[in-house]
Every structure is written in C-alpha cells, then in structure tokens.
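Report on the structure given below.
The values are calculated or read from the model by the stated rules, or taken from the named source; none is laboratory data. Source: prediction; values computed, not measured. Note that each Cβ is placed from the backbone with ideal geometry, even for glycine, and that neighbours are counted across all protein chains shown. Each accessible area value is taken on the protein alone, full model and side chains, heavy atoms only, with ligands, DNA and RNA left out. Shrake-Rupley method; radii C 1.70, N 1.55, O 1.52, S 1.80 Å.
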Amino acid sequence: MLAAAAVCPCPPLLQPQVAAGAAAELAALRESCAAALDTLAETRPDHLVVLGPDAGEDRTPYPSGTPGSFRGFGAAVDVVLGSGTPAPGAAPLPASLAVGAWLVADHGWDACPVEGLAVGTGCPPARCAELGAELAAGPDRTALLVLGDGSACRTVKAPGYLDERAAPFDALAAEALGAADTAALAGLDPVLAEEVGAAGRAPWQVLAGAAAGSGLAGKLLYDEAPYGVGYFVAAWS
C-alpha cells in the first residue's frame, strides 16, 4: 500500500556545489524538499522508492547502493542511493535519481531501506498507471519520492524558449499535485508534456496509479519557475 509520497523537482542545480553562485536562489526550494521528506519519514514506511524520469519508454530499477555523480555537471560530488553495496559494474544512476539520492542523503534518511526506479519520459499513461499499481501492491507500507520537473518553456530564457501552453500546463499540474488529484494527473497529455519539456509527466502518472483509491491528501509546498522551468514540491499523506 502507498503510505505517503513526496514530489520534488530534479534539476542538478538543487545540489549546492552544482549551483555554485546561484545556490542561494534555490534555498527555499531545498527547504520545501526537506519538508516533504519530513512528511515521508513521519509516516514510518517499510521502504522508500525514489522514482524519477529517464530516457526511454519503460522502467529501469536501481537497487540500494547504486552510485551516482554530479561530475558531469561540473561538481566533484558522488552519491549513493541508500546504503546497500552495488554489484560490480553496476550502471550508475540517471541524473534524476542522482538528485533523489542526494536529497535522501542530505535529509539524513534512516527511516527504511531505499531503492530506485527510473521511468521513461515516453512511457504511455496506461503503462505508468500499471507501474504505479505494482508499486502500491502488497502489504508493505511504501513511500515514494517522486522526482520530475514541469515545463521548460515558461520564458524566452528558458531551456525550451517561450511556449504559451507551458504556464497553463504547469498550473494544471501544480493544482493536481497539491490536491492529490490522481485523475487529473492521469489525464495529463503526454504529447503536450513532451512539447513543453515537462519531464515530470511520467513519474507523476506513476504516482497517480500508485495512489488511486488510497485516500491520501496533498499539500503544495512550492510552485515557482526559476530559470523558466516549472518546479513543484508537494507532500501527500
């Protein structure tokens, strides 16, 4: 069963050494992420799944102990997902899950074991719902740390330039995440999401599948678009 969920964005800039001089600009975002993780810990789950986007159309699991790095973003910072020991030659975490591993470590998470799951940004909504239902199946109390950004087209200086459809898309997503509205999340248009660069669409729809019928209530903790990219933080419990 799904015990709780935290929704956070996954820009590498969340890691202060990557952000460097811009670190203070995202201080409020980091504080909101920490508060969302506090909510997860308070529910005392049996295990935590860190869920984030990656390339492709389906899922890739990452066991506890999988390494990740921010070296590709100019910071000599390495992370490990949870506290397990990775198998020799284990594939490293994708960028989104590296951010998740850093958030978990920065929080000092010790509430339960941690594992990772990357879902392809091209994963169809129906498949996302199936993956979510699989995560919530069984008697264990599962918590999700769901990583994903909103649109990347909110301003002319945004990574995807300005797209007038981006702000309405983000407004709909933020409202759904704040209200724990699984139907609204499940109904997000994957084509529009791809066109406005919203990498969070697939993970959010996995969350919708996991939380359907759970009765969880949501609270939106952050809704801003620094650098023209929609970032949302929400806590479901």
To the nearest 20 Debye, how big is the dipole of the range 1-145 about its Cα centre, given +1 on the beta carbon of each Lys and Arg and -1 on that of each Asp and Glu? 160 debye
Rounded to whole angstrom, the alpha-carbon centroid of the range 124-140 lies from that of the range 1-26 at a distance of 25 Å
Cα-Cα P(r), the range 132-187, percent of pairs per 5 Å interval: 4, 16, 18, 20, 15, 11, 7, 5, 3, 1
Rounded to the nearest 0.05, what FRET efficiency is calculated for LYS219 and MET1 with R0 set to 22 Å and r the Cβ-Cβ distance? 0.65
Find which of PRO92, GLY74, ALA129 sits farthest along the positive direction of the dipole of the range 54-133, computed with +1 on the beta-carbon of Lys and Arg, -1 on that of Asp and Glu, about the Cα centre. GLY74
Counting DSSP beta bridges with both partners in the chain, what percentage is antiparallel, nearest 5? 45 percent
Going by a ≥ b ≥ c, the root eigenvalues of the Cα gyration tensor, does the range 103-237 fall in the rounded group (a/c under 1.5), the prolate group (a/b larger than b/c) or the oblate group? prolate
Label the range 165-231 by shape, choosing from rounded, prolate and oblate, from the square roots a ≥ b ≥ c of the eigenvalues of the Cα gyration tensor; if a/c is under 1.5 it is rounded, and otherwise prolate applies when a/b is larger than b/c, oblate when it is not. oblate
Counted charge near PRO168, where neighbours are those whose Cβ lies closer than 12 Å (Asp, Glu -1; Lys, Arg +1): -3
How big is the accessible area of TRP204 in square angstrom, nearest 10, if you roll a 1.4 angstrom probe over the protein chains? 0 Å²
Could you please state how large a percent of the accessible area of the chain is carbon and sulfur, counting protein chains only and using a 1.4 Å probe? 55 percent
Could you sort the peptides 151-158, 185-192 by per-residue average Cβ neighbour count (10 Å cutoff), highest mean leading? 151-158, 185-192
Relative packing of 25-35, 9-19, which averages over residues the other C-beta atoms within 10 Å, highest first: 9-19, 25-35
For ALA143, what is the net charge nearby, where nearby means another residue's Cβ is under 15 Å from its Cβ and Lys, Arg count +1, Asp, Glu -1? -4
If you put +1 on each Lys and Arg Cβ and -1 on each Asp and Glu Cβ, how big is the dipole of the range 154-237 around its Cα centre, in Debye rounded to 20? 180 debye
C-alpha center-to-center spacing [the range 171-218, the range 31-62] in angstrom: 15 Å
For the chain, just run the numbers: alpha carbon Rg, then divide by 2.2 N^0.38 Å, N being how many residues it has. 0.92
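Order 134-146, 159-171 from most to least packed using the mean count of other Cβ atoms within 10 Å.
134-146, 159-171
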